[in-house]
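Quick notes on the structure that follows.
Each value in this text was obtained by applying a stated rule to the coordinates, not by laboratory testing. Since this is a predicted model, take the numbers as computed values, not measurements. For neighbour counting, all protein chains shown are included, and Cβ atoms are generated from backbone atoms with ideal geometry for every residue, glycine included.
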Amino acid sequence: SPPSRMEITVVRTEGKLEDKNSVSREEKDSKSSGKSFLAPAPKKRTRGKKVPLAPGHSHIDWMRVQSSAQAPKPRKLSRSEVRKHKTEKDLWMVIKGKVYDVTSYVAYHPGGVPELLKGAGKDATKLFASVHPWVNVDVLL
């Protein structure tokens, strides 16, 4: 009888995913047709314009600030509590189920205050992913 679990190794070669242990009929067909099993490239989007930042407010400066900050203790918050924090001076947002107080990041955001306010006081996961699909939010904030 076949094993219930099979360990496979997936590698990238020439932009395609290949299973070293076996090649399915679909994969053989895709190789001959030039199709790829990789996720499609993100659609081109119009980027918002960056706003001029004050001296000392670059991404490098923000990372320096973050490296010296202590992470707050985790706690549960209600949606109604998060909704109270939606101004430039008190700005929270939810991304991937975590609440981030981004008030101190406002001056560092290259898209400016109006862009951050779009996600203020609510779940901004989809908005964040649509603008920053490559960014690890836990590292950034």
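Results, tabulated for the structure shown:
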{"quantity": "Virtual spin-label span in nm between Thr103 and Ile60, 7 Å along Cα→Cβ", "calculated": "2.9 nm"}
{"quantity": "Most to least packed among 55-66, 70-81 [average Cβ atoms within 10 Å]", "calculated": "55-66, 70-81"}
{"quantity": "Spin-label pair Asp123/Asp138, simplified geometry with 7 Å Cα→Cβ offset, distance in nm", "calculated": "2.0 nm"}
